[in-house]
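Okay, so here's the structure we're looking at.
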Amino acid sequence: MSNDKPDSATNPAAKLWGGRFSEATDAFVERFTASVTFDQRMALEDIQGSLAHAQMLSEVGVLSGDEYHQIANGLKEIAVEIEAGDFPWSVQMEDVHMNIEARLTERIGATGKKLHTGRSRNDQVATDIRLWLRGRIDRIGAELTRLQTGLVDLAEREADTIMPGFTHLQSAQPVTFGHHLLAWNAMLSRDFERLMDCRKRVNRSPLGAAALAGTSYPIDRARTAELLGFDAPTENSLDSVSDRDFAIEFCAFTALLLTHLSRASEELVLWASSQFDFIDLPDRFCTGSSIMPQKKNPDVPELVRGKTGRVNGHLIALLTLMKSQPLAYNKDNQEDKEPLFDAADTALDCLRAFADMVPALKAKKENMLAAAAKGFSTATDLADYLVRKGIAFRDAHEIVGQSVSFAIEQQKDLAELSLEQLQQFSADIGADVFEVLTLEGSVAARNHIGGTAPDQVRAACAQARVQIKGRH
Ligand code: ARG
């Protein structure tokens, strides 16, 4: 193959692999099999991988020092060209790897053709994806931490704010708003742990696996792993070029993350409605209606909720892509990139939306309190009070049930009944009952690890901050 690139429409030799071909690739097939339109996102990682590979080759004596310097300088110039948006991407060159390699040879001449020694696109692409994903994981982790920091600050500010807690979306028992926010934080902490666990398996170097069986050159896999900041080389060459389980794991992380964010979104949407009216979302996170002038729609949380569908889809896409693939590399795996890229983009965008929005939401404390006062949310406290007076819990449950039924008839809350009215149901009820029927008394009484008492919420916030700080 000469240095001059012949026209690929007529000449198969225009391809880097064109040697054994006697006719040019069909134009449709060229477009169908190409990945450069999307895998060029990994261009800088591709160059990073090539630089490490070339350096290692020079260190083991496969490339001369001079050849290495020519290659390294050429690759660095190409990186500049790519970042400036001046790189001439070509579908004829199929993918990011061959585009860059061909460009290198175009720029530095025949030495460029030595870069691919002891390497295949199969280990190259696996390396690029891992490098790219590692970078995304770190950005997503930082954004998750930013969200959690804002969430914990808000939880602390709202440690004393009382709201109804729900089961079945029916008023159940009063809780503090801070406690509710810390429930979200607990979900996100586990997501962070999952992300970091996934990172360990992403951060291994497949470079050196070559096409599938390894290479006959005296390569140093530990060296390239080290140069690229990987923890170690992967174990098995066949596995290294073929499995994308690390990408599937990452997509599983995004599916769970978005599932959690969608639950929080749903609550934000409900709370912002005039029916609940618990919070005010800043105008900058909402949009209006083109026909109904009164509307302020919570589009941002709605969209986050909606985007859960697409990341769940990406997880299923990758699982299905991997299923039943025989060892080792198959072209099927080219389909891993778009779902993976989009899952990472979506996770990052949704975290950003939440990290910006959550600290800015305003709790409407009076409305939350008024809602908590409705719906007999301290009924359990009355039952617990009776148990403390020596009544068995089941009997206490029955007594409170009758009291609630009476209060409904009277159109009053339990706390609004008189002592005499309450005593109809149990002679054990004394004047001290009204302390337990208050919302403040109810939440303060749940004073144990993981409970809703304001003091516990403040302690949990302090704990969460220690946990978040320990990440850096
Ligand atoms: N574009 C390919 C991919 O994304 C690179 C590896 C191609 N390898 C091959 N033997 N055709 O998977």
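Could you list the square roots of 5 times each eigenvalue of the Cα gyration tensor of the stretch 231-304, that is, the equivalent ellipsoid semi-axes, sorted largest first and rounded to whole Å? The partial results should precede the final answer.
On the way: eigenvalues 381, 32, 16 Å².
Working from the Cα gyration tensor, I get semi-axes of 44, 13, 9 Å.
Kirkwood hydrodynamic radius (Cα pairs, Å) of the stretch 170-220? Don't jump to the answer; show the numbers that get you there.
On the way: mean 1/r = 0.0649 Å⁻¹.
Answer for the stretch 170-220: a Kirkwood hydrodynamic radius of 15.4 Å.
Enumerate by residue number the chymotrypsin sites (Phe, Trp or Tyr not before Pro) in the stretch 17-48 meeting two conditions: DSSP loop (anything except H, G, I, E, B), and at most 13 other Cβ atoms within 10 Å of the site's Cβ.
W17, F21
Rounded to the nearest 20 debye, what is the charge dipole size of the chain about its Cα centre when +1 sits on each Lys and Arg Cβ and -1 on each Asp and Glu Cβ?
Taking the Cα centre of the chain as origin, the dipole is about 460 debye.
Lysines near K412 by alpha-carbon distance under 21 Å, same-chain residues fewer than 8 away left out - which ones?
K374
Ratio of the stretch 63-119's C-alpha Rg to 2.2 N^0.38 Å, to two decimals?
Normalised by 2.2 N^0.38 Å, the Cα Rg of the stretch 63-119 equals 1.10.
Hey, can you find the accessible area per residue of the chain for me, probe 1.4 Å, expressed in square angstrom?
It amounts to 47 Å² per residue over the chain.
If I take the Cα coordinates of the chain and project them onto the principal axes, what are the three extents in Å, biggest first?
103, 52, 38
Classify the stretch 265-362: rounded, prolate or oblate, from the alpha-carbon gyration tensor (a ≥ b ≥ c, eigenvalue square roots; a/c under 1.5 rounded; otherwise prolate if a/b is larger than b/c)? Before the final figure, lay out the partial values.
Values: a/c = 3.39, a/b = 3.09, b/c = 1.10.
It is prolate, given that a/c is not under 1.5 and a/b is the larger ratio.
What is the diffusion coefficient of the stretch 1-153 in µm²/s, taking the Kirkwood radius over Cα pairs and the Stokes-Einstein relation at 20 °C with a viscosity of 1.002 mPa s? Write down the numbers at each step before the final one.
On the way: Rh = 17.0 Å.
For the chosen part, D equals 126 µm²/s.
Among the aspartates and glutamates, which have Cα under 17 Å from the Cα of K323 when same-chain residues fewer than 8 positions away are ignored?
K323 reaches D239, D243, D245, E249, D332, E335, D336.
Cβ neighbours within 10 Å, averaged per peptide: list 340-353, 302-315, 275-288 in order, most packed at the top. Kindly include the intermediate steps, with their values, before the conclusion.
Working: 340-353: 20.9, 302-315: 19.1, 275-288: 15.3.
Most protected by this proxy first, the peptides run 340-353, 302-315, 275-288.
When the chain is fully extended, how far beyond the present Cα-Cα distance does I449 get from E81, taking 0.36 nm per residue of separation?
126.8 nm
How high is the FRET efficiency from D349 to Q325, r the C-beta distance, R0 30 Å, rounded to 0.05? Intermediate results must be reported in sequence, preceding the final value.
Details: r = 31 Å, r/R0 = 1.02.
Calculated transfer efficiency: 0.45.
Have a look at the stretch 30-100 and give its Rg and Dmax from the Cα atoms, expressed in angstrom.
13.3, 40
Return the percentage of antiparallel bridges among DSSP beta bridges fully within the chain, rounded to the nearest 5 %.
In the chain, approximately 80 percent of DSSP beta bridges are antiparallel ones.
Pairwise over distinct Cα atoms, reciprocal of the mean inverse distance: report the Kirkwood radius of the stretch 355-472 in Å, one decimal place.
Kirkwood hydrodynamic radius for the stretch 355-472: 16.5 Å.
Return the loop-located trypsin sites (Lys or Arg not before Pro) in the stretch 47-119 (DSSP other than H, G, I, E, B) with at most 12 other Cβ atoms within 10 Å of their own Cβ; answer none if there are none.
Nothing satisfies the criteria.
I'd like the Karplus ³J(HN,Hα) series for the stretch 56-72: coefficients 6.51, -1.76, 1.60, θ = phi - 60°, whole numbers in Hz, and an x wherever there's a Gly or Pro.
Residue by residue, the stretch 56-72 yields 4, 4, 6, 5, 8, x, 6, 10, 6, x, 5, 4, 4, 5, 4, 5, 5 Hz.
Using DSSP to define loop residues, name the GluC sites (Glu not before Pro) in the stretch 143-223 whose beta-carbon has at most 10 other beta-carbon atoms within 10 Å. Walk me through the numbers before you get to the answer.
Working: sites: E143, E156, E158, E193; in loops: E158.
Hits after loop and neighbour filter: nothing returned.
Between their Cα atoms, which of K76/K113; K76/K337; K296/K362 are more than 19 Å away from each other?
K76/K337
The values are calculated or read from the model by the stated rules, or taken from the named source; none is laboratory data. Everything numeric here is computed off the predicted structure, so don't read it as measured data. FYI the Cβ positions are ideal-geometry reconstructions off the backbone, even for glycines, and counts take in every protein chain you see. For the accessible areas, the whole protein counts, side chains as well, though only heavy atoms, and no ligand, DNA or RNA atoms are used. Shrake-Rupley method; radii C 1.70, N 1.55, O 1.52, S 1.80 Å.
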